[in-house]
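The values are calculated or read from the model by the stated rules, or taken from the named source; none is laboratory data. The structure presented is a predicted model; accordingly, all values stated were derived computationally and were not measured. Methodologically, a virtual Cβ is constructed for each residue, glycine included, from the backbone with ideal geometry; neighbour enumeration extends over all protein chains shown.
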Amino acid sequence: MKLEVPLSLDVTLCCGQVFRWERHGEWWFGVVDDRTVKMRQVDRSLEFHGVDEGFVRRYFSLDHDLQRISAEIGKDEHMKEALRLFWGLRIIRQEPWECLISFICATYKSVAAIRNMLLRLSARFGESLHFEDCNFHAFPTASKLAKASLRELEGCGLGYRAKYIRETSNIVCSENFDFETLRNLPYLEAKRALRLFPGVGSKVADCVLLFSLGKLEAFPVDVQIKRILLRKYGAHFSADFVEKLARQGSLSDSEYERLNGFGREYFGEFAGYAQEYLYHYERMNANRKLEKGINRNRATRVRHEAEQS
C-alpha cells in the first residue's frame, strides 16, 4: 500500500526513539506488535507491507500537526535550524512494554549497544517470525522475561540491567500492570508511577511517557540534551549552575528536574518534540565532527608517510 505523508521515515527511525528497525537497501524492516513491517519512502510517498493505513497513521503519529508544533517550539534560531534540517521527524507511538525495557537498557549505552542488547533479548526470548524468507523475533513478553534466570538475561549482554529487567517483569506480571492506565493520568503522576519500577529514573520515565504514552510535554534529559542546553540556553540558568554541570557527567535528581522543568516551560506543550529535534541535531553534529576529525587524522598520516618515503 502507498500513502502520501508529511514524514521523514529515515530521520524518524534513526533518531534514537526505536532500536529494532533495520534498513536493507531502500527498505526498512521492523517488528511492531508481533507484526513484521516492511516500508520505504520515495519523496512524500510511503510504501508499506504487513500493516494497514490505520497502523501507519497511528504508529507515526500522523495526527500530530507538525506545522502547529513547529510554530510552538520554534522559539529561537537554534531550534528553527534543527526543525529545518530534520523536518518530518515525528514522535513514534511505541508499545509501552517494549519501550520501557528498551530505555532501561539504554542507560549509559550508545544506540548501537542498545540495539544489540534488544536484538539478543528478542532472539532468546521472543516468538520467532518469518517474513520474506527472513527470520525476525517479536519482543518478549513480561511473563517470558520474569521466568528467565539472571544468567540467561546477562547472556544477552545486559550486565547490571538484567536484574532490573527481571524485577520489573515480575512486578508487571504479579500486579497485572496495565500501562494504558497511565495515559489518562497527569504527566507528573504518570511519571511517579513509572519511577516505582526498578531501574527507572526520571530520564527513563520521561522517555516512556513521550515515546509510548502520548505525554508530549515530557522532556527527557540525557548527556546530549544537557550539553545543548548548557551551550545554547545557558543564559536561562545561573553561571554557577552552568559551570558546575559542564564539569560533571551525571545529573542529580534535582539537577535533572531543573533542566527538565526548563525544557517543559520554555517549549510548552510540545516540549517532547523540541527535545527530539534537539537531540538528533546534537547527535548528528557530533557525528559530523567525529568524521571530520577522522578525515583530518587520515590526511595528516598520509602526508607524514609521504614525507618519510
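The table below lists the values:
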{"quantity": "Single unsatisfied condition, F19 versus (1) farther than 22 Å from I104 by Cβ; (2) touching a Lys or Arg at 6+ places or on another chain (Cβ under 6 Å)", "calculated": "(1)"}
{"quantity": "Cβ-Cβ under 7 Å pairs, at least 6 apart or on other chains, the stretch 3-28 side more than 15 Å from Y279 (Cα to Cα), far side outside any helix (DSSP H, G or I) and of a type in the set (V, I, T)", "calculated": "R20/V31"}
{"quantity": "Flag for L153 being closer than 20 Å to L209 by Cα and out of contact with any strand residue (DSSP E or B) (no Cβ under 9 Å at 6 or more places or on another chain)", "calculated": "no"}
{"quantity": "Subset tally (residues that are in contact with a Gly (Cβ under 7 Å, 6 or more places away or on another chain) and either under 30 Å from I104 (Cα atoms) or buried (at least 21 other Cβ atoms within 10 Å of the Cβ) (or both)) for the stretch 1-11", "calculated": "3"}
{"quantity": "Only one of G261, G249, G272 that is small (G, A, S), under 22 Å from R195 (Cα atoms) and modelled with pLDDT under 95", "calculated": "G249"}
{"quantity": "Members of the stretch 240-265 that are among the polar types (S, T, N, Q) and within 17 Å of L209 (Cα to Cα)", "calculated": "N260"}
{"quantity": "Filtered residues of the stretch 238-284 (kept if polar (S, T, N, Q) and either more than 20 Å from the chain's Cα centre (by Cα) or surrounded by fewer than 15 Cβ atoms within 10 Å (Cβ to Cβ) (or both))", "calculated": "S238, Q248, S250, S252, S254"}
{"quantity": "Only one of F136, F125 that is touching a strand residue (DSSP E or B) at 6+ places or on another chain (Cβ under 8 Å), aromatic (F, W, Y) and either surrounded by 12 or more Cβ atoms within 10 Å (Cβ to Cβ) or under 13 Å from I165 (Cβ atoms) (or both)", "calculated": "F136"}
{"quantity": "In the stretch 12-26, residue farthest from the chain's Cα centre (by Cα) [restricted to those that are of a type outside the set (D, E) and surrounded by fewer than 14 Cβ atoms within 10 Å (Cβ to Cβ)]", "calculated": "G25"}
{"quantity": "Subset of the stretch 36-63 that is in contact (Cβ under 8 Å) with a residue 60 or more places away in the chain and on the phi < 0 side of the Ramachandran plot - its residue that is surrounded by the fewest Cβ atoms within 10 Å (Cβ to Cβ)", "calculated": "K38"}
{"quantity": "Some residue of the stretch 91-102 being among the hydroxyl-bearing types (S, T, Y), surrounded by 15 or more Cβ atoms within 10 Å (Cβ to Cβ) and without any contact (Cβ under 8 Å) to a residue 60 or more places away in the chain", "calculated": "no"}
{"quantity": "The stretch 152-169, subset of a type in the set (G, A, S) and more than 12 Å from I101 (Cα to Cα), residue surrounded by the most Cβ atoms within 10 Å (Cβ to Cβ)", "calculated": "G157"}
{"quantity": "Boolean, T141 is among the polar types (S, T, N, Q), at pLDDT below 95 and either closer than 23 Å to A205 by Cα or crowded, with 21+ Cβ neighbours inside 10 Å (or both)", "calculated": "no"}
{"quantity": "Residue list for the stretch 70-90, restricted to those being part of a helix (DSSP H, G or I) and either in contact with a strand residue (DSSP E or B) (Cβ under 7 Å, 6 or more places away or on another chain) or free of Cβ contacts under 8 Å to residues at least 60 places away in the same chain (or both)", "calculated": "S70, A71, E77, K80, R84"}
{"quantity": "Scan of the stretch 243-285 for residues that are of a type in the set (S, T, Y) and either within 13 Å of E217 (Cβ to Cβ) or not in a helix (DSSP H, G or I) (or both), ordered by number", "calculated": "S250, S252, Y266, Y273"}
{"quantity": "Search result, residues across the stretch 25-74 that are among the basic types (K, R) and at pLDDT below 95", "calculated": "R35, R44"}
